[in-house]
Amino acid sequence: MELLDPNVLKERLPPGWEVRFRDRVPHLFKIYSFDHYLSGVKFASALAEIAEKMDHHPDLLLSYRKVSVEIFTHFKQGITEQDLRFSQACETAKSAFP
């Protein structure tokens, strides 16, 4: 599994996702907003299920009507294809939650 080239990442990153750095390590990041608190709770739970199936686990932060998602590949210390696939799975999952 290789780190993604920044130009490739830019082209393929789903809308609303951004690259952030923590301790010089790039992560994919997005905040999702919801009409109701419980929608965010259910969305976070759905992402946990997806993460388990992918064996790739994000940092999730649940707050009032928002869920923040941050992911990177720990053993590569950067962003890989697996992170991009997870971000795309988040977008698909979001369509089920208002």
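Miscellaneous remarks
- Taking first residues from region 82-98 that are under 21 Å from Tyr37 (Cβ atoms) and partners that are of a type in the set (S, T, N, Q) and in a helix (DSSP H, G or I), the Cβ contacts under 6 Å between residues at least 6 apart in sequence or on separate chains come to Phe97/Ser39; Pro98/Ser39.
- Only a single item in (1) in contact with a Cys (Cβ under 8 Å, 6 or more places away or on another chain); (2) at pLDDT below 95 is not met by Ile50, and it is number (2).
- Residues in region 49-86 that are surrounded by 13 or more Cβ atoms within 10 Å (Cβ to Cβ), farther than 14 Å from Leu4 by Cα and of a type in the set (Gly, Ala, Ser): Ala51, Ser68.
- Considering residues of region 58-78 that are assigned to a loop (DSSP other than H, G, I, E, B) and of a type outside the set (S, T, N, Q) only, the residue nearest to Ser33 (Cα to Cα): Arg65
For (1) small (Gly, Ala, Ser); (2) over 22 Å from Val8 (Cα atoms); (3) part of a helix (DSSP H, G or I), each residue gets a yes or a no:
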{"residue": "Phe21", "(1), (2), (3)": "no, no, no"}
{"residue": "Ser39", "(1), (2), (3)": "yes, yes, yes"}
{"residue": "Ser45", "(1), (2), (3)": "yes, yes, yes"}
{"residue": "Glu52", "(1), (2), (3)": "no, yes, yes"}
{"residue": "His56", "(1), (2), (3)": "no, no, no"}
{"residue": "Phe86", "(1), (2), (3)": "no, no, yes"}
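- Tally, over region 23-41, of residues that are charged (D, E, K, R) and closer than 15 Å to Pro6 by Cα: 1
- Among the residues of region 54-87, those identified as within 20 Å of Phe21 (Cβ to Cβ) and among the charged types (D, E, K, R) are Asp59, Glu70, Lys76, Glu81, Asp83.
- Taking (1) at pLDDT 95 or above; (2) farther than 23 Å from Asp23 by Cβ; (3) surrounded by fewer than 21 Cβ atoms within 10 Å (Cβ to Cβ) in turn, Cys90 satisfies each apart from (3).
The values are calculated or read from the model by the stated rules, or taken from the named source; none is laboratory data. All values derive from a computational prediction rather than experimental measurement. Because the Cβ atoms are built from the backbone with ideal geometry, glycine has one as well, and the counts that use them run over all protein chains shown.
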